[in-house]
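What follows is calculated from the coordinates using simple rules that are stated; it is not laboratory data. Just so it is clear, the model here is predicted, and its values are computed rather than measured. Note: ideal-geometry Cβ built from the backbone for every residue, glycine included; neighbour counts use all protein chains shown.
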Amino acid sequence: MKAYLAERVLSSMRCGVVTVDRHGAVTTLNEQASRYLRVRFPVPEGTACRELFAHCPAVAHLLLDALDRKTLPDRAELELVLDGERQVLIGFSLSQITDAKGAVVGSAIFFKDLTLVEQEREREALRNRLASLGEVAAQLAHEVRNRLGGIRLFLGLARRRLEGDDEGCAYLDRAEGEVLAANGKMGEILDYVRPLNLDRVPTAVGGLLREALESTLARFPDAEVAVTWALAPELPLIPVDPERLRDAFANLFANAVEAMGDRGTLHVAACMEESSVLVDAPGKVDIPGLRGYGESLSPRLRVDVFDSGPGMPPEVLRRVFQPFYTTKDHGSGLGISSAQKVFDAHTGSLDLRSVPGAGTHFTVRLPVAEEVVSA
Ligand SMILES: Nc1ncnc2c1ncn2[C@@H]1O[C@H](COP(=O)(O)OP(=O)(O)O)[C@@H](O)[C@H]1O
Ligand SMILES: [Mg+2]
């Protein structure tokens, strides 16, 4: 009976549990662990953990290392890449399993998938960064714009004096061009850091994607882009700010077209999906000091954009989400960051996979009903 109960406890637990014996053979692995770590369930008796976790060797390493360690981590985090691309973050603690005499006979790892929590942390950090950056930028822009206005005024006065002097006026034109460009740049920065107030209306995202792509392609009349669509039938109307969202997708499309150069193929797909999302879940009882999140499945509209461009080398991939990062001569470096800001304001997300030589793939997920941003 006790063994049955222990087994039920293990399989009902919402955290992953794996234990190994002194020889490194897996002695326990619950269903949650098999799901998180993508291994078969149940595990055949005696399977070596190095073999079972060949696709994520860090887990085997931690378990084997724990057999002989004096101190063990209570609350540690580990980033794993599963299936060669899915990056997950697990929070774990390790224990030694001892016999009645205190001799170590095995080790155990208890862990939770913190990927969603981490994504939420990153979103929060981005929001905070933008809020403080916004204040500084607004003040700076005000100062600089006043002075640029002054310079333009004096350029106008100088032009009057130089009437008839073509060469002198040409210099003034160039100076004025620079002033306007600087003013434009300030506007761009201010736009990016300004808080977004969404004007939501129920919107058919399929139509919106087509408009965004049309307006993008119109900007690149020489590009020969073959476009394929895979829009699932009967996608629901979702409450979004159509203008903001159109601009955000147009940024992604523009990047794809720019990356592909003269010709390429662009594939755009949209469908519904059930996605794990984080919800505030401290429970109904009001307990001081209680904080918590829960995961729940929620319907999402998923949009995928694939381009056949050159893809991104790792150093670019690492930095694409940074505002002002660009590899282009006249790039703003704000395309992806501002798109991400728009998706985030809709409590959606933007993910990116890119392999040099194999193109780039963006995935956007948007909630189908308005959600409160957890503070
Ligand atoms: N689809 C893509 N394919 C390859 N590289 C891309 C793609 N999208 C973005 N990038 C890279 O990310 C950088 C940042 O993009 P973005 O934020 O839109 O700024 P910008 O387009 O002004 O450079 C680009 O300069 C480019 O190097
Ligand atoms: Mg761009």
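The figures follow:
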| read-out | value |
| --- | --- |
| Mean-position separation - Cα centroids, region 245-303 and region 29-78, in angstrom | 30 |
| Debye intensity ratio in log₁₀ form over the Cα atoms of region 30-180, taken at each q of 0.14, 0.18 Å⁻¹ | -0.83, -1.09 |
| Simple spin-label estimate for LEU297 and ASP173 in nanometres, 7 Å along Cα-Cβ | 6.5 |
| Length released on extending from GLU274 to GLU31, taking residue separation times 0.36 nm less the Cα-Cα span | 85.4 nm |
| Degrees, to the nearest 10: 57-66 long Cα axis against longest axis of the chain | 50 |
| Enclosed volume per residue, in Å³, of the convex hull spanned by Cα atoms of region 245-375 | 130 |
| Volume of the Cα convex hull of region 239-322, divided per residue and given in Å³ | 171 |
| Contact order normalised by residue count of the chain, Cα under 8 Å, 6+ apart, percent | 10 |
| Filtered trypsin sites (Lys or Arg not before Pro), region 41-76: DSSP coil and at most 15 other beta carbons within 10 Å | ARG69, LYS70, ARG75 |
| q = 0.11, 0.13, 0.18, 0.20 Å⁻¹, region 119-265: log10 I(q)/I(0) [Debye, one scatterer per Cα] | -0.72, -0.90, -1.11, -1.17 |
| Acute angle (nearest 10 degrees) that the helix 115-161 long axis makes with the longest principal axis of the chain, alpha-carbon atoms | 10 |
| FRET efficiency for THR98 and VAL355, using Cβ-Cβ distance with R0 set to 45 Å, rounded to 0.05 | 0.45 |
| Ellipsoid semi-axes in whole angstrom, largest first, where each is sqrt(5λ) of the Cα gyration tensor of the chain | 52, 24, 22 |
| Relative intensity, log₁₀ I(q)/I(0), of region 118-193 from a Debye sum that treats every alpha carbon as a point, q = 0.23 Å⁻¹ | -0.97 |
| Cα-derived Rg to Rh of region 304-358, Kirkwood definition | 0.97 |
| Lysine pairs meeting the criterion (Cα under 25 Å, 8 or more apart or interchain), as found in the chain | 7 |
| For region 2-113, radius of gyration divided by Kirkwood radius, i.e. Rg to Rh on alpha-carbons | 0.94 |
| Helix-only [θ]222 nm of the chain, DSSP H runs n ≥ 4, -39500 (n - 2.57) each, per residue, nearest 500 | -14000 deg cm²/dmol |
| Filtered chymotrypsin sites (Phe, Trp or Tyr not before Pro), region 1-96: DSSP coil and at most 13 other beta carbons within 10 Å | none |
